[in-house]
Amino acid sequence: MSESKYIITIFGAPVIFDPSILHSDLRVEAVSAGFVKFWFDNESNRFKALCYGESTSLGISSHPHRDVFIVERFLNNR
């Protein structure tokens, strides 16, 4: 399971990036931000995600249920 940071933009697009980068270093307008773990589930043949936490540098929290839906849709091209 890989851990990264993410931002959901005002356009509903996920931006997933290395955890060594601050959320505030990305110059995008965000509606939610936090951390994401993702993995490939062989049983469903799909990527799965777990979104959690917050961005202290942006002062924005994650919205786990909504963000998981957005990230999984992106990772699975749907």
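Which members of region 1-25 meet the condition of being surrounded by 11 or more Cβ atoms within 10 Å (Cβ to Cβ), among the hydrophobic types (A, V, I, L, M, F, W, C) and more than 11 Å from the chain's Cα centre (by Cα)?
The answer is I21, L22.
All but one of (1) part of a strand (DSSP E or B); (2) surrounded by fewer than 15 Cβ atoms within 10 Å (Cβ to Cβ); (3) β-branched (V, I, T) hold for V28; which doesn't?
(1)
So which residues in region 35-51 are over 11 Å from P14 (Cβ atoms), within 10 Å of the chain's Cα centre (by Cα) and surrounded by 14 or more Cβ atoms within 10 Å (Cβ to Cβ)?
Within region 35-51, F35, L50 meet the criteria.
Residue-by-condition table, conditions (1) in a strand (DSSP E or B); (2) touching a residue at least 60 places away in the same chain (Cβ under 8 Å); (3) of a type outside the set (V, I, T):
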{"site": "E3", "(1), (2), (3)": "yes, no, yes"}
{"site": "F11", "(1), (2), (3)": "no, no, yes"}
{"site": "I16", "(1), (2), (3)": "yes, no, no"}
{"site": "S32", "(1), (2), (3)": "yes, no, yes"}
{"site": "W39", "(1), (2), (3)": "yes, no, yes"}
{"site": "S44", "(1), (2), (3)": "no, no, yes"}
{"site": "C51", "(1), (2), (3)": "yes, no, yes"}
{"site": "L58", "(1), (2), (3)": "no, no, yes"}
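Every number in this text was worked out from the coordinates using simple rules, so none of it is lab data. This is a predicted model, so every value here is computed, not measured. Cβ sites come from the backbone with ideal geometry, for glycine too, and all protein chains shown count toward neighbours.
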